[in-house]
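Presented below is the structure to which this report refers.
The values are calculated or read from the model by the stated rules, or taken from the named source; none is laboratory data. Not measured: the values here are computed from a predicted model. Positions of Cβ are backbone-derived with ideal geometry, glycine not excepted, and every protein chain shown enters the neighbour counts. Protein only, heavy atoms only, side chains kept; ligands, DNA and RNA dropped before computing areas. Shrake-Rupley method; radii C 1.70, N 1.55, O 1.52, S 1.80 Å.
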Amino acid sequence: MKSERSEAPIPAGDAAPAREPPAPGLYLVATPIGHARDITLRALDLLGGADLLAAEDTRTTRRLLEIHGLRRDPRSILPYHDHNGAAQRPRLLAALAEGRSVALVSDAGTPLLADPGYRLAAEAIAAGHAVRAVPGASALLAGLAVAGLPTDRFLFAGFLPPRAAARRRALGELAEVPSTLVFYESPRRLAEALAAMAETLGAGRQASVSRELTKRFEETRRGRLGDLAAAYGESGPPKGEIVVVVGPPVAEAPEEAAVDAALLAALGRASLKDAVAEVADALGLPRREVYGRALALTRAR
C-alpha cells in the first residue's frame, strides 16, 4: 500500500554500516507503512548495501534513505513498478546472473502484498537465483492485529473490484469462507465496499476499519458490518489508507424444536450423558446448554 511520510521521522544521521556485503540474490525488503522508525536493522543494511535498489517510487525511497542517513549512488536506485516491470526485469535478472545483490522495496510495507514484485520474484526463482525475505511492517498484519477478531485462520483478499457487479461476485465467492477476511480499500470507495459487504457477507458479521496505521492519527472502528457501513455512508470518505477486517461467518443457532427433536431421538437409544454429547457435537452447541434442555425434556415425559 502507498503511505504518506511518517508523522514523526527520526533525525538523519550516520547509519551503522552493514556487517558484511549482502550475498548475491534478490531481497524482498519490507519498509515502514507510516512511522519511519518501524524498520529493521537488517532492512537498513540492505537499503544501504545492496548493489541495486529497485523501488516502486524512487522519490519515496530516497526520502526513507535520507531519514535514516543512508547515502547511495543515485544510479543504483532503479524504478520498478507495474507499468515498467516488463522492461526492467531483464536488467535486474541480468544483475542477479552477474552475482550482484538486488533489494526490492515498495512504497510502504512488504513487497508483493498488493504491491509490485511477484513476477520479478517468480522469474528470479525460475532462473535459480536466491530469493530472500527481509520481513517487517505490513498493513495486512497490523490491521489484523488490532481488529479484535480471530487470527488463527485468515484470508487476505486484497483490493475488491471497483465496479459494483464484479465486487458483488467477488464477495459472493468469499461469503462462506470459514476464516477472518482482510481487505485493502481506497477511502473514496470505502462506504460502497462496506455496504456491499454487509449485503453479501451479512450485516451482523463483526468487522473493523483501520486507517492511518502507525501514524499520528491512527484510528480503528469496530462493530457490525451493517453499522460500520451506515456510519461511513453518512460521514463521507475518511483520510488515509484503509484496512478492513471481517470476522468469520457465525452459524445460526438451530431452532429449539430442532434441538428437542435431536435430543429425543438420541435419548431413545443412549444415556442422558451420551445423548447430550452427541447432540451438542452434531449441532455445535455448548454441552451445558444442551444438558439443560435434555433435563427439561426428561422431566416432561
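Select from the range 47-79 the residues that are touching a Ser or Thr at 6+ places or on another chain (Cβ under 9 Å) and part of a loop (DSSP other than H, G, I, E, B) and list them in ascending order. Answer for the range 47-79, where residues must be touching a Ser or Thr at 6+ places or on another chain (Cβ under 9 Å) and part of a loop (DSSP other than H, G, I, E, B): ALA50, ASP51, GLU56, ASP57.
Consider the range 219-239 and keep the residues that are among the charged types (D, E, K, R) and free of Cβ contacts under 8 Å to residues at least 40 places away in the same chain. The one that is most open to solvent (accessible area, probe 1.4 Å) is GLU234. Only a single criterion out of (1) open to solvent by 20 Å² or more (accessible area, probe 1.4 Å); (2) in a helix (DSSP H, G or I) is not satisfied by GLY204, namely (2).
Residues GLY240, GLY223: which one is within 20 Å of the chain's Cα centre (by Cα), closer than 30 Å to PHE159 by Cα and part of a strand (DSSP E or B)?
On the way: GLY240 fails: part of a strand (DSSP E or B).
Going through GLY240, GLY223 in turn, the sole match is GLY223.
For every residue, the table says whether it meets (1) at pLDDT 95 or above; (2) of a type in the set (A, V, I, L, M, F, W, C); (3) buried (at least 18 other Cβ atoms within 10 Å of the Cβ).
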| position | (1), (2), (3) |
| --- | --- |
| PRO9 | no, no, no |
| ALA30 | yes, yes, yes |
| ALA50 | yes, yes, yes |
| HIS68 | yes, no, yes |
| PRO90 | yes, no, no |
| ALA103 | yes, yes, yes |
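Within the range 35-46, can you find the residues that are part of a helix (DSSP H, G or I) and free of Cβ contacts under 8 Å to residues at least 60 places away in the same chain? Correct list: LEU41, LEU44, ASP45. If only residues of the range 240-288 that are under 30 Å from LEU113 (Cβ atoms) and open to solvent by 60 Å² or more (accessible area, probe 1.4 Å) are counted, the one that is modelled with the highest pLDDT is GLU241. Among the residues making up the range 120-177, those that are part of a strand (DSSP E or B), open to solvent by less than 80 Å² (accessible area, probe 1.4 Å) and touching a Phe, Trp or Tyr at 6+ places or on another chain (Cβ under 7 Å) are VAL134, ALA157, GLY158. Taken over the range 178-188, the criterion of being open to solvent by 40 Å² or more (accessible area, probe 1.4 Å) and either more than 22 Å from GLY148 (Cβ to Cβ) or among the aliphatic types (A, V, I, L, M) (or both) is satisfied by ARG188 alone. Counting just the residues of the range 117-137 that are touching a strand residue (DSSP E or B) at 6+ places or on another chain (Cβ under 8 Å) and not small (Gly, Ala, Ser), which one comes out farthest from LEU46 (Cα to Cα)? Within the range 117-137, the match that is farthest from LEU46 (Cα to Cα) is ILE125.
Scan the range 71-85 for residues that are closer than 19 Å to LEU28 by Cβ and either out of contact with any helix residue (DSSP H, G or I) (no Cβ under 8 Å at 6 or more places or on another chain) or open to solvent by less than 30 Å² (accessible area, probe 1.4 Å) (or both) and the total you get is 8.
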